[in-house]
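A short worksheet on the structure shown next.
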Amino acid sequence: MTGILVVTHANLGSALIETLEFILGKEQENLLPISIDIKEDPDNLRKKIKQGISKVTSDKGVLIFTDMFGGTPSNLAYSFLEEGKVEVISGVNLPILLKAVTSRKKMDMETLTSSLVEHGKRSISLASGILKGTKRS
């Protein structure tokens, strides 16, 4: 099973995981939030991420979700990229995290990450277009 870290500004990752576990009805293993305070020393923040990786690491690797491309959580996470072992997806939302948790036992890292990026894009919808029947998503 692929380990998952959710590295975000403030407590967004914790809130996403708490909501996901509420929806699924149980606590998830190998899934941790890392909260980033941009006032904190970057070396300490990298250390937090490294410790998180070691806690969730598995034979299928570690997937790091971040909240926003180019933000501090993403920039810190990129230093841990390791092809086939540690991957980073920016732009985490609840649907993509739910899909990751429910699919991570069934797919290798490459298949999982490409599937998740597409799913994340499809999970964004314009409600007025859907209600008018002019747009699916």
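Derivation of every value follows stated rules applied to the coordinates shown; laboratory data play no part. For clarity, every value in this text was computed on a predicted model and none was experimentally measured. Ideal geometry is used to build each Cβ from the backbone, glycine not excepted, and the neighbour counts take in all protein chains shown.
Annotations for the structure displayed:
- Placing unit charges on the Cβ atoms of the charged side chains and taking the dipole of the chain about its Cα centre, the candidate lying farthest along the positive direction among Val7, Ser58, Gln28 is Gln28.
- In straight-distance terms, cross-link reach from Lys48 covers every one of the lysines whose alpha-carbon lies under 16 Å from its own, apart from those fewer than eight places away in the same chain; here that gives Lys39.
- Based on Cα contacts under 8 Å between residues 6+ apart, segment 1-77 shows a relative contact order of 46 percent.
- Less than 5 angstrom separates the built amide H of Gly91 from those of Thr66, Asp67, Met68, Phe69, all sequence-distant by 5 or more or on a different chain.
- Amide proton proximity set for Gly61, modelled H, under 5 Å, gap of 5+: Gly3
- GNM result for the chain, Cα springs below 10 Å: residue of Leu97, Leu126, Leu116 fluctuating most strongly: Leu126
- Rounded to whole numbers, the Karplus 3J(HN,Hα) couplings from phi for segment 116-122 are 5, 4, 5, 4, x, 5, 6 Hz, using 6.51 cos²θ - 1.76 cosθ + 1.60 with θ = phi - 60°, and x at Gly and Pro.
- Couplings 3J(HN,Hα) of segment 49-56, computed from phi: 5, 4, 5, x, 4, 5, 6, 10 Hz, in residue order, whole Hz [Karplus 6.51 cos²θ - 1.76 cosθ + 1.60, θ = phi - 60°; x for Gly and Pro].
- Segment 3-132: equivalent-ellipsoid semi-axes (sqrt of 5 x gyration tensor eigenvalues, Cα, Å): 23, 18, 15
- Sequence-separation-based contact order of segment 40-130, relative, with Cα cut under 8 Å and 6+ spacing, percent: 24 percent
- Between Asn11 and Asn44, residue separation times 0.36 nm minus the direct Cα-Cα distance comes to 10.2 nm.
- Rounded to the nearest whole Hz, the Karplus-based 3J(HN,Hα) values (6.51 cos²θ - 1.76 cosθ + 1.60, θ = phi - 60°) of segment 106-115 follow the sequence 9, 10, 6, 4, 5, 5, 4, 5, 5, 5, with x at glycine and proline.
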